[in-house]
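The block underneath contains the structure these notes are about, expressed in structure tokens.
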Amino acid sequence: MDNLCEALKKLKVASADSSSDSVEGGLDCVLKALAHNNAEASEKIQEMGVLPLLPTLLAPQSSCTPKVANVIAEVAKNEFMRSPCVEAGLIPPLVQLLNSKDQEVLLQTGRALGNICYDSHEGRRAVDEAGGAQIVAEHIKSMSQNAQPANGKLLTVFCGMLMNYSNDDDSLQAQLINMGVIPTLVKLLGIHSQNTALTEMCLIAFGNLAELESSKEQFASTNIAEELVKLFRKQVEREKKEMIFEVLAPLAENDVIKLQLVEAGLVECLLDVVAQTVDGEREEDISELKTSSDLMVLLLLGDESMQKLFEGGKGSVFQRVLSWVPSHNHQLQLAGALAIANFARNDGNCIHMVDTGIVQKLLDLLDRHVDEGNVTVQHAALSALRNLAIPVVNKSKMLSAGVSDVVLKFLKSEMPPVQFKLLGTLRMLIDTQADAADQLGTNPKLVERLVEWCEAKDHAGVMGESNRLLSALIRHSKSKDVVRTVIQCVGVKHLVTMATSEHMIMQNEALVALGLIAALNLGMAEKDFVTASLVQVLHKLLSDERSAPEIKYNSMILICAVMGSEPLHKEVQGLAFLDVVSKLRSHENKTVAHQASLTEQRLTVQS
């Protein structure tokens, strides 16, 4: 430490008269002390006020310059020294040195700036103000034109500097994207794929930049997909694969890049990883299996990439993914079910999958998860069934396969995501299927559970889907028995509330169901209609100028239907319905205008 103090004193004197020999000797001694105990030596440098003297020693022509920059780079490894480096005015002269032609000067300057920027807002701001990032980006661009291995070390330092400069800072990352660093770094990855340090630096930089939405377009215009897949194939080390995964996941959110990755052969790589890790017990095997199967599912979210892998249902990838569903591994079951849900995004695929027996695979999977089941697997399998049930031709086939019976086993679930998908699946299945709607609508256990979920205010999705299924059971069955079951289970009031929903489709579904209740069993529903203030709700819907034509039309149909009940008739007379309906006779929608005339006649006759 005494030697260091001596050397620092000499440096202070030498910096005043620029005697280069004594400066060289002093710097060697300081570097030695920093190598021995960086934090302690840095504190001493700070204490003795040496930092503010260093700008004068950073002269571009001086032979000491690389060593001075090296000292700064070493000192800035300590968090407590980064702000003092900025305050000592070191950034502008360092940025000036980036214009040097000397490799060693550039190397040490890049290190110094990179270390000062590391986790330091002040450091980044100072480099930004001095225009350092732009110069470094240009250096990288010009060096990426040739494949000289000698450039590898400097490129690694410069990439690291830009990474430290922009890490966790969206505006600085956006600045780098605007400078065009993405195509340059992708090019580097291709040229220097043998250079491990540089490759890693590029991957970390991609991982940071790929999080920004604005980067995706630039990435899509490069051959990043091809380069990453090529690199992935060569990897043996798990850590390196993980680094590539971290870049692939955010990039694969972009549909154009999804397709590029599929075309570059990523899927085959992922399937290999799955095959290698599926029986692994180690934590890293489980983690790698999850990452690769999740990424596989993400690639299927793009319409083009999904259709390419489906290959008319004959694709080898599609077949491999199907084999995951009966697996004993929960992660693969989940990924397999999610993949089916993603393949089931158009009628053609859905029809093909139902015809080739996929429904049974999903039902078997659900049966394995009824008691103490895995909630994510339940949710995924129900999602797949719901999507498969959308084409009309699939509904009766799926009902014959016993889908509704298996789905009903999950009525006892207390997990809102499972409840939500269960409701959606049943609603899709009974659409236009009168017998199934009749059978389910007269199942008191189901209807009671629906009525209970209609009050699940903490879960708007479950509440909405329960209301919609309740209405659908009545609309598709048009059955007196279903209506009686809904009334007995106290479901009518929920349908009246549903008629006031902010979603027009739900309002309409509620009004049609209420119209059927009034037509099929007005006597039994009368009391519930009065308690739920149905007439007042209808008056409000007809008076509201924002109500859609079909809402007005169905509200008038319902008014006519409830006129057969004395208490409801009295309520209609008590509100000025004639005035509201008379105005609707001149409505621009002909169907509404015609129904208004009919309703007016009915009101006049019965008043």
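The values are calculated or read from the model by the stated rules, or taken from the named source; none is laboratory data. What you see is a predicted model, and the numbers here were worked out from it, not measured in a lab. Cβ placement follows ideal geometry from the backbone for every residue including glycine, while neighbour counts extend to all protein chains displayed. The accessibility values were calculated without ligands, DNA or RNA, using every heavy atom of the protein model including side chains. Shrake-Rupley method; radii C 1.70, N 1.55, O 1.52, S 1.80 Å.
State whether the residues of the stretch 276-285 include one that is touching a residue at least 12 places away in the same chain (Cβ under 8 Å), open to solvent by less than 10 Å² (accessible area, probe 1.4 Å) and aliphatic (A, V, I, L, M). No, there is no match, as no residue in the stretch 276-285 is touching a residue at least 12 places away in the same chain (Cβ under 8 Å), open to solvent by less than 10 Å² (accessible area, probe 1.4 Å) and aliphatic (A, V, I, L, M).
So which of G265, G280, G313 ends up being within 20 Å of A384 (Cα to Cα) and small (G, A, S)? Matching residue, one of G265, G280, G313: G313. The single residue among L440, L429, L385, L365 that is at pLDDT 95 or above, closer than 23 Å to D481 by Cα, buried (at least 21 other Cβ atoms within 10 Å of the Cβ) and within 32 Å of the chain's Cα centre (by Cα) turns out to be L429. In this structure, G302 does not qualify as out of contact with any Asp or Glu (no Cβ under 8 Å at 6 or more places or on another chain) and open to solvent by less than 30 Å² (accessible area, probe 1.4 Å). Of the helices (runs of 4 or more DSSP H) that lie entirely inside the stretch 564-607, those containing 3 or more residues that are β-branched (V, I, T) span 590-606. Each residue in the stretch 443-458 was checked for being over 15 Å from M498 (Cα atoms) and modelled with pLDDT under 95, and 1 pass.
Out of N151, N146, N78, N115, I need the residue that is within 18 Å of L34 (Cβ to Cβ), at pLDDT below 95 and either within 39 Å of the chain's Cα centre (by Cα) or acidic (D, E) (or both). Which one? Walk me through it before giving the result.
Numbers: N151 fails: within 18 Å of L34 (Cβ to Cβ); N146 fails: within 18 Å of L34 (Cβ to Cβ); N115 fails: at pLDDT below 95.
Residue meeting the stated conditions: N78.
Does the stretch 530-538 contain at least one residue that is surrounded by fewer than 19 Cβ atoms within 10 Å (Cβ to Cβ) and farther than 26 Å from V605 by Cβ? Yes, the conditions are met somewhere in the stretch 530-538. In the stretch 578-601 there is at least one residue that is buried (at least 20 other Cβ atoms within 10 Å of the Cβ) and among the polar types (S, T, N, Q).
Taking the stretch 419-454 as the range and being of a type in the set (D, E, K, R) and assigned to a helix (DSSP H, G or I) as the test, the residues that pass are K421, R427, D435, D438, K445, E448, R449, E452. For the stretch 98-133, name all the residues that are open to solvent by less than 10 Å² (accessible area, probe 1.4 Å) and small (G, A, S). Hits for the stretch 98-133 are G110, A112, G114, S120, G123, G132, A133.
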